[in-house]
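> Can you read through this structure? Questions will come right after.
The values are calculated or read from the model by the stated rules, or taken from the named source; none is laboratory data. Nothing here was measured: the structure is a model prediction, and the numbers come from that model. Here the Cβ positions follow ideal geometry from the backbone for every residue, glycine too, while neighbour counts run over all protein chains shown. Surface areas here come from the heavy atoms of the whole protein model, side chains and all, with no ligands, DNA or RNA. Shrake-Rupley method; radii C 1.70, N 1.55, O 1.52, S 1.80 Å.
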Amino acid sequence: MADPSSYRPGPGSIPDSPGVYRFRDEHRRVIYVGKAKSLRQRLASYFQDLANLHPRTRTMVTTAASVEWTVVSTEVEALQLEYSWIKEYDPRFNVKYRDDKSYPYLAVTMNEEFPRVQVMRGQKRKGVRYFGPYGHAWAIRDTVDLLLRVFPVRTCSAGVFKNAARTGRPCLLGYIDKCSAPCAGRVTPEEHRELADEFCDFMAGRTGTYIRRLEQRMTDAAEEMEYERAARLRDDIEALRKAMEKSAVVLADATDADLVAVAEDELEAAVQIFHVRGGRVRGQRGWVTDKVEEITTGALVEHALQQLYGEEKGDAVPKEVLVPALPDPVEPVQEWLTERRGANVSLRIPQRGDKKALMETVARNAQQALILHKTKRASDLTTRSRALEEIAQALDLESAPLRIECYDISHFQGDDVVASMVVFEDGLQRKSEYRRFQIKGFEGQDDVRSMHEVITRRFRRYLAEKERTGEWADGEDGLTDEDGRPRRFAYPPQLVVVDGGQPQVAAAKRALDELGIDDIAVCGLAKRLEEVWLPDDDDPVVLPRTSEGLYLLQRVRDEAHRFAITYQRAKRAKRFRAGPLDDVPGLGDARKQALIKHFGSVKRLRSATIDQICEIPGIGRKTAETIVAALAGATPAGPAVNTATGEIMEEDEHDGTPGTTPDTPGEPVTAGAPDERRGQER
């Protein structure tokens with residue numbers, strides 16, 4: 001690990017002008033490329049106290065062994081040079097979007113004497129006009145099949161074309177009027193190229209004018225009583241309209257725009273692009289990337305625009321590009337796009353109307369793409385097996401950890417301290433085995449003591465189950481109930497993961513040692529640098545960013561955090577909803593609800609007599625006396641006021657009802673939906 005001060009440029013040696021810089025490692029490989037409006041200010045930010053740097057930036061500067069830069073005249077030149085260098089060097093610490101598949105395009109080979117319409121993938125070729133990309137190749141073929149009736153352009157391969165030219169006989173498409181048969185000389189090269197131009201114009205969105213022209217020709221033919229020609233034109237118009245229906249109208253007729261949306265989490269980001277031409281969605285594509293550098297949404301958008309338009313010119317760059325966040329600064333990017341198009345390009349965030357609504361649709365597609373990417377990665381058996389093997393090798397385990405348990409502590413500013421336990425078996429979630437705990441041993445915030453308590457309680461229960469079922473004497477016998485279901489806490493994990501660094505790992509290991517358990521591995525995953533900590537080791541285990549083992553550990557840790565914070569919020573909400581009936585000893589949820597249902601509110605219950613309360617099924621006289629005494633000692637809440645009208649309202653019929661979130665330590669629950677951190681929660 002290099003010390004950045006060892007290669008820091010001398011004072012005053014860095015120019016205060018726009019430019020592009022490269023960090024290289026000890027083997028002279030470029031590991032990061034960046035641009036800056038002021039090289040001096042930007043590079044100085046990398047050579048500050050390491051503790052102040054973002055974890056990923058810190059990793060980059062400690063991996064690098066040298067830095068160099070190139071001065072340019074403008075920020076636009078810096079943007080162009082940055083794109084060229086990223087493409088040339090493929091630096092490991094730069095954001096690199098990867099297609100989840102090779103998208104097919106509808107291509108017209110205008111660089112040939114007889115242009116051909118076909119499906120193309122991969123790198124774009126000079127002199128070929130592209131439309132799309134499309135989600136599926138069959139969608140292109142369906143569209144082309146409809147359009148060939150009106151624009152009978154050549155679609156055959158070079159071999160078929162040469163054979164037909166040699167024999168003077170066209171292929172089947174020529175006989176059914178879906179090809180103008182230039183191979184057999186039915187049309188001249190100029191006439192065929194004109195057909196290809198009309199086909200391209202229609203695909204580029206200039207549909208209304210062409211259809212109106214055909215309608216006029218159809219009307220003229222009918223007036224001249226050329227009904228067969230009018231019928232053919234009618235069928236041509238119907239074919240064109242069917243082709244247009246395959247791409248929905250989303251914006252005004254003259255709108256040409258690309259909409260770019262980003263969905264991201266702490267580790268990855270997904271980008272979705274909708275290509276709108278002539279107001280219709282003509283193509284869609286998406287990318288996913290690992291966030292290997294500290295980056296904002298605006299910077300993700302900038303990198304996406306570089307990849308999207310870096311090789312494009314002319315009409316391939318639309319008049320309008322709509323994004324969720326603007327790059328900072330936005331002017332060089334907008335100027336660069338204008339230069340690529342050769343005309344003004346508007347780069348902005350949609351604020352209202354149809355464009356904003358469509359952007360929300362694109363954003364939902366991006367979110368789904370990110371979820372699908374993670375699901376595919378998690379559900380692949382080969383990938384899961386490789387992840388478990390990588391974890392076993394990194395942690396020096398005897399075998400792959402088929403059962404992993406992860407623990408996390410959550411609280412809100414020291415209150416409502418809870419813990420979660422999540423279980424992954426064979427790399428997949430086992431939600432029926434999830435458990436949650438309330439911290440009972442002490443008051444206040446202490447993650448280390450909390451972790452020690454939770455691990456102790458969980459594995460004390462495990463030892464009790466072993467002793468009660470006689471597992472020590474009978475091997476595996478007794479691990480299940482009579483109905484075949486596993487007993488709670490009966491199965492031990494091969495690996496315990498805690499959310500945290502050395503202190504939490506040491507606390508978990510100490511708890512296991514105190515219980516005499518020495519056959520369960522323990523590790524911790526720290527959030528800041530995604531380092532894996534082992535007990536009694538001063539240095540962490542650093543797994544590669546591309547490691548499937550690290551990805552699995554991150555998923556386990558993130559799920560434990562989500563589950564813990566969900567329980568903590570529910571517990572806090574229940575405390576806020578607590579009513580006077582909660583203080584009545586021995587009164588459960590069912591009888592509380594029966595009381596409220598019968599009397600309508602706590603206010604009416606407070607005024608009821610003991611005999612009236614005894615009329616409720618399940619409420620005896622002693623319980624009724626306890627209720628009356630508890631309600632008499634409770635301070636009535638102030639009247640509810642409608643803030644809109646100032647009206648004093650009666651208590652709600654559900655006032656004082658208990659929360660429904662169970663808070664029994666170690667109780668199995670159903671995992672809820674993911675949610676985000678708020679405020680001081682953790």
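> Is it fair to say residue 251 is at pLDDT 80 or above, in contact with a helix residue (DSSP H, G or I) (Cβ under 6 Å, 6 or more places away or on another chain) and open to solvent by less than 20 Å² (accessible area, probe 1.4 Å)?
In short, no.
> Cβ-Cβ under 7 Å, sequence separation 6+ or interchain: first residue in region 182-197 and touching a residue at least 24 places away in the same chain (Cβ under 8 Å) and among the charged types (D, E, K, R), partner assigned to a helix (DSSP H, G or I) and open to solvent by less than 60 Å² (accessible area, probe 1.4 Å). Which pairs?
Taking only residues 6 or more apart or on different chains, not a single pair turns up.
> So, one more: Being of a type in the set (Val, Ile, Thr), assigned to a strand (DSSP E or B) and either open to solvent by 20 Å² or more (accessible area, probe 1.4 Å) or touching a Ser or Thr at 6+ places or on another chain (Cβ under 6 Å) (or both) is the filter here; which residues of region 277-304 pass it?
Within region 277-304, 281 is the sole residue that qualifies.
> Separate question: Which one of these does residue 553 not meet: (1) among the hydrophobic types (A, V, I, L, M, F, W, C); (2) modelled with pLDDT under 70; (3) open to solvent by less than 80 Å² (accessible area, probe 1.4 Å)?
(2)
> Being open to solvent by less than 70 Å² (accessible area, probe 1.4 Å) and either of a type in the set (Ser, Thr, Tyr) or without any contact (Cβ under 8 Å) to a residue 12 or more places away in the chain (or both) is the filter here, so list the residues in region 384-398 that pass it.
385, 392
> Residue 530 fails exactly one of the following numbered conditions: (1) at positive phi; (2) open to solvent by less than 10 Å² (accessible area, probe 1.4 Å). What is the number of that condition?
(2)
> Anything in region 437-452 that is open to solvent by 20 Å² or more (accessible area, probe 1.4 Å) and on the phi < 0 side of the Ramachandran plot? List them, or say none. Quick ask: steps written out before the conclusion?
Restricting attention to region 437-452, the residues satisfying the condition of being open to solvent by 20 Å² or more (accessible area, probe 1.4 Å) are 438-449, 452.
Scanning region 437-452 gives 438, 439, 440, 441, 442, 443, 445, 446, 447, 448, 449, 452.
> Can you name every residue in region 96-123 that is outside any strand (DSSP E or B) and at pLDDT below 75?
Those that are outside any strand (DSSP E or B) and at pLDDT below 75: 96, 97, 100, 101, 102, 103, 122, 123.
> Only residues that are open to solvent by 30 Å² or more (accessible area, probe 1.4 Å) and within 22 Å of residue 74 (Cβ to Cβ): list them for region 23-51, please.
35, 37, 40, 41, 42, 44, 45
> For region 52-73, name all the residues that are closer than 11 Å to residue 23 by Cβ, touching a helix residue (DSSP H, G or I) at 6+ places or on another chain (Cβ under 6 Å) and either part of a loop (DSSP other than H, G, I, E, B) or open to solvent by 40 Å² or more (accessible area, probe 1.4 Å) (or both).
The one that is closer than 11 Å to residue 23 by Cβ, touching a helix residue (DSSP H, G or I) at 6+ places or on another chain (Cβ under 6 Å) and either part of a loop (DSSP other than H, G, I, E, B) or open to solvent by 40 Å² or more (accessible area, probe 1.4 Å) (or both): 69.
Yes or no, residue by residue, for (1) modelled with pLDDT of 80 or more; (2) out of contact with any Cys (no Cβ under 6 Å at 6 or more places or on another chain); (3) under 25 Å from residue 432 (Cα atoms):
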position	(1), (2), (3)
564	yes, yes, yes
572	no, yes, yes
584	no, yes, no
599	yes, yes, no
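> Select from region 406-427 the residues that are hydroxyl-bearing (Ser, Thr, Tyr) and either farther than 19 Å from residue 495 by Cβ or surrounded by fewer than 24 Cβ atoms within 10 Å (Cβ to Cβ) (or both) and list them in ascending order.
The one that is hydroxyl-bearing (Ser, Thr, Tyr) and either farther than 19 Å from residue 495 by Cβ or surrounded by fewer than 24 Cβ atoms within 10 Å (Cβ to Cβ) (or both): 410.
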